[in-house]
Each structure stands twice: as C-alpha cells, then as structure tokens.
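These notes are about the structure you will find just below.
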Amino acid sequence: MTGSLRSLKGAALTAMLPVAIALVVIALGDGAQVRILSIFLINLIIVVGLQMFMGNSNIVNLGHVTFMGIAGYAAAILTIPTTIKQTIIPNAPFALATFQLGPIEAGLVAIAVAMAIALVVGVVITRESGISATILTLALLVITHTVLANWVDLTRGMRALYGVPMTANVWSLLAAAVVTIFFGRWFRDSPFGVQLRASGESRVAAESAGVNVRLLRLVAWVLGSGIVALGGVLYVYLIGSVSPKSFYFDTTLLTLAMLILGGMHSVSGAVIGVVVVTAGFEIMRFFETSPVILGVQLPEFLGLTGFFLGLIIVLSMALRPKGLAGTDEVDESWERRRKKP
C-alpha cells in the first residue's frame, strides 16, 4: 500500500469517530446537545491545527489561540452589517465601518490575515527551540490579547462585538472538521512532516542530514495557524458575537489539555483527546449543578470543570506522557499489532 493511500485510509478511520458522534447527536439529541456538538467540532479543528506544529516539531505552543482571535475578529468586523458597525465601531480604522463582505469572502480574508501575521512572527519563533520558543508563543498570546482588549476603535475593547451573521451550522462544522483531519494526517505523513518529526527527536541529527529545520518549522507553524484561524472564523459564525475573553488562557489550556491527553504526536491523539475531554467536561458540568441522583440531591461543586482540566493535565504528564494514543496513529498501531506473531 502506498504511503498516500495509507494516509487517506488512516485519516478516514480517524474521522469515523467524530462523524459517528455527530450523526448520533444530530439524530437523537436536542438543541443544547447539538450546540455542544458544534463547539466540540470547532475544538477539534483547533486542536488538529495545534498538533500540526506542536506534535510534529515537539515544541510546546501556548500561542495558537492568538490566530483564532485574529481571524475571529477579522471575520466579525468584515461581516457585521454597516448599520450596526456605524453604531458600535464608527471610528474603525481603514474605513472598515463603511462596507461589508459575505461570510465566505470575509472568512478567507481573515484566515489570510492570520496566516500572514503567523508568517511574520514565525520567522522569529521558529528560530528558537525548547522553553525559549514556548515562552515566545506565550508572549505572543499576551500581546495579542492586550491589543484586542484595548484597541477600542476597532474591537470595542472588552465589550463584545455583536451582529455577526450566524451562518455556521453543525453540517458545515462537521465537513470542516473532517477536511481538517485529512489535511493534518497528510501533513504528518508527508516528507515535510516526517523530516520535521525527526528534527523534533534530534535537531542536530536532522540538520546534519541536510534537513532545513527552520523552514519546516515555519511551514508547520503557518499551516497550523491557518487551521486554528479557520476554527476562530467558524466559532464567530456560530456564536454571532466575539470578545477578547474567548481567545485567552481558558481556551488555550482547554485545547492544550485535549492534545496532551490524546497524544500530541498524532492526529488520532488529537481527536481522541477532544472526545474524552469534551465528555469529561459535560459530566463535570452535570455534577456542578447540584443534581439529584437516586433521590439524593448532591451539593454544588462549583469550579469542578476547572479542577478536572488541571487534573487531566497533571495525570497525563505523570502517568501517560505520550497521551492515550501514544506516538502512532490508530491505524498504525492496529497494523503493528496485527503483524505481531
């Protein structure tokens, strides 16, 4: 079996899990459950985008939500009707309050802007390795949040931008998630991804073999940022509004925990992590609301979801540092076990 065909089959196998979950929820769930499914699919897109750089380069990235925020705000500002923009951001620079784009055009522009910024900052970040690169990504997150929270003429500061046409639905989100899985798996198995993963194990050995580590990191950084930006655009189109708090530490820690728990070195791990954390979060939210179980009303456990998030990060790093899926894709693990005598 050729490498490309194996990657396609592996991606299809990985995509079967979110597709099956989506079809069951759409068929049997109510409006609230479909809403949870929609957020789940957006998180899946973001986590796969995070995996593309972090999982292949072996560099912890704390700044991925930056590009979700940039693209989300760009898409929102471009799609909000001018009558609303003249009221909420009348002094927006570049005459942005005077025109409106359709959701597809605005989304493409927003992703392009995010990727262009990713290219500029990536030239600096991808030169570093280890903790130095991680600190730079954290600084990028803080700087971007500060700009979004204080550029009042453009973003309204900490107040939400509203009036975004709510054009995303669960079917478009599912399609985007499936395409993202296939793209992430293609990159991982491509020559770029293989060389980048080798450099993650030993940068010196990779460079000695003629691998341009900086270039490969930059490619993965920009492509991964573009996928995260897509998640930001879809999030805004689903919610219909946007504020800086949606793109800061809470989202960063949540998506990072999903990737760490599932296993950052594979697309399968990213998908598994999103599924497990989303299910765990909903269970914790149920217990937070003082439920009645077997006739006994339990006390409120406020903050249980935050405790759960911290707990899974600690337990994953201590007990399963390579994640639930390990370092291989699901189909690779299955094939290896099948060939064992």
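The values are calculated or read from the model by the stated rules, or taken from the named source; none is laboratory data. If you're wondering where the values come from, they're calculated on a predicted model, not measured in any experiment. We place every Cβ from the backbone using ideal geometry, glycine too, and count neighbours over all the protein chains shown. Remember, those area values only see protein heavy atoms, side chains included, never the ligands or the DNA or RNA. Shrake-Rupley method; radii C 1.70, N 1.55, O 1.52, S 1.80 Å.
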* **Formal net charge of residues neighbouring Asn150 (Cβ-Cβ distance under 14 Å; K, R +1; D, E -1)** => +2
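Mean Kyte-Doolittle hydropathy of -1.0 or higher plus an axial Cα length of 20 Å or more: which whole DSSP H helices in the chain meet both?
Values: long enough: 3-28 (38 Å, 1.69); 31-57 (39 Å, 1.49); 65-79 (21 Å, 1.69); 103-125 (32 Å, 2.50); 130-150 (31 Å, 1.70); 170-189 (29 Å, 1.11); 213-239 (39 Å, 1.83); 267-288 (31 Å, 1.54); 304-319 (21 Å, 2.45).
Qualifying helices, which must be both long enough and hydrophobic enough, are 3-28, 31-57, 65-79, 103-125, 130-150, 170-189, 213-239, 267-288, 304-319.
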* **the chain: most fluctuating residue of Phe40, Phe281, Phe182 per GNM, C-alpha cutoff 10 Å** => Phe281
* To do: Report, please, the projected area of segment 283-341 averaged over directions, based on the convex hull of its C-alpha atoms, in nm².
  => 6.8
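Take the Cα atoms of segment 185-341, build their convex hull, and give its volume per residue in Å³. It would help to have the intermediate numbers written out before the result.
Details: hull volume 29.2 nm³, N = 157.
It is 186 Å³ per residue.
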* Asked: Between segment 232-280 and segment 72-139, what's the alpha-carbon centroid distance in Å?
  -> 19
* Neighbour net charge for Ile84 - beta-carbon separation under 14 angstrom, K R +1, D E -1 -> +3
* Please list 200-210, 300-310 highest first by mean number of surrounding beta-carbon atoms within 10 Å per residue. => 300-310, 200-210
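If you average 1/r over all unlike Cα pairs in segment 107-147 and invert the result, what Kirkwood radius do you get in angstrom?
Value: 11.0 Å, from the Cα pair sum.
Counting pairs of alpha carbon atoms under 8 Å apart in space and at least six apart in sequence, what relative contact order in percent does the chain give?
Values: 528 pairs, mean separation 96.0, N = 341.
This gives 28 percent for the chain.
Provide the net charge surrounding Val213, with neighbours chosen by a C-beta distance below 9 Å and charges set as Lys +1, Arg +1, Asp -1, Glu -1.
Values: positive: Arg203, Arg214, Arg217; negative: Glu207.
Local charge sum for Val213: +2.
Please report, in cubic angstrom per residue, the volume enclosed by the convex hull of the alpha-carbon atoms of the chain.
Numbers: hull volume 56.9 nm³, N = 341.
Output value, Cα hull per residue: 167 Å³.
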* Structure fact -> Computed from every Cα-Cα pair in segment 207-298, P(r) in 10 Å bins starting at 0 and rounded to whole percents is 13, 29, 32, 17, 6, 3, 1
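Can you give me the Rg/Rh ratio for segment 1-145, using Cα atoms for both radii and the Kirkwood formula for Rh? Mind showing how you got there, number by number?
Numbers: Rg = 19.1 Å, Rh = 18.2 Å.
Reported Rg/Rh (Cα atoms, Kirkwood Rh): 1.05.
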* Highest-fluctuation residue, Ser241, Ser268, Ser172 considered, GNM on the chain with Cα pairs under 10 Å -> Ser172
* Taking the Cα atoms of segment 3-81, what is the range of coordinates along each of the three principal axes, in descending order and whole Å? -> 41, 40, 21
* Structure fact -> Rg from C-alpha atoms of segment 52-100, normalised by the globular rule of thumb 2.2 N^0.38 Å, equals 1.66
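Could you order peptides 220-232, 80-92 by the average number of other Cβ atoms within 10 Å of their residues, highest first?
Numbers: 220-232: 27.5, 80-92: 14.5.
Packing proxy ranking, top to bottom: 220-232, 80-92.
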* Asked: Which order, highest average first, do 59-69, 316-326 follow once you tally other Cβ atoms within 10 Å for each residue and take the mean per peptide?
  -> 59-69, 316-326
* Asked: Can you give the accessible area of Val147, probe radius 1.4 Å, in Å² rounded to 10?
  -> 70
* Given only helices, namely DSSP H runs of n ≥ 4 each adding -39500 (n - 2.57), what is the per-residue ellipticity at 222 nm of the chain, to the nearest 500 deg cm²/dmol? -> -24500 deg cm²/dmol
* Structure fact -> Measuring from its Cα centre, the chain shows a charge dipole (+1 at each Lys and Arg Cβ, -1 at each Asp and Glu Cβ) which, in debye to the nearest 20, is 580
* Asked: Using a 1.4 angstrom probe and counting only protein chains, how large is the accessible area of Lys9 in Å², to 10?
  -> 110
* To do: Over every pair of different alpha-carbon atoms in segment 119-211, take the mean of 1/r and invert it; report that Kirkwood radius in Å.
  => 17.2
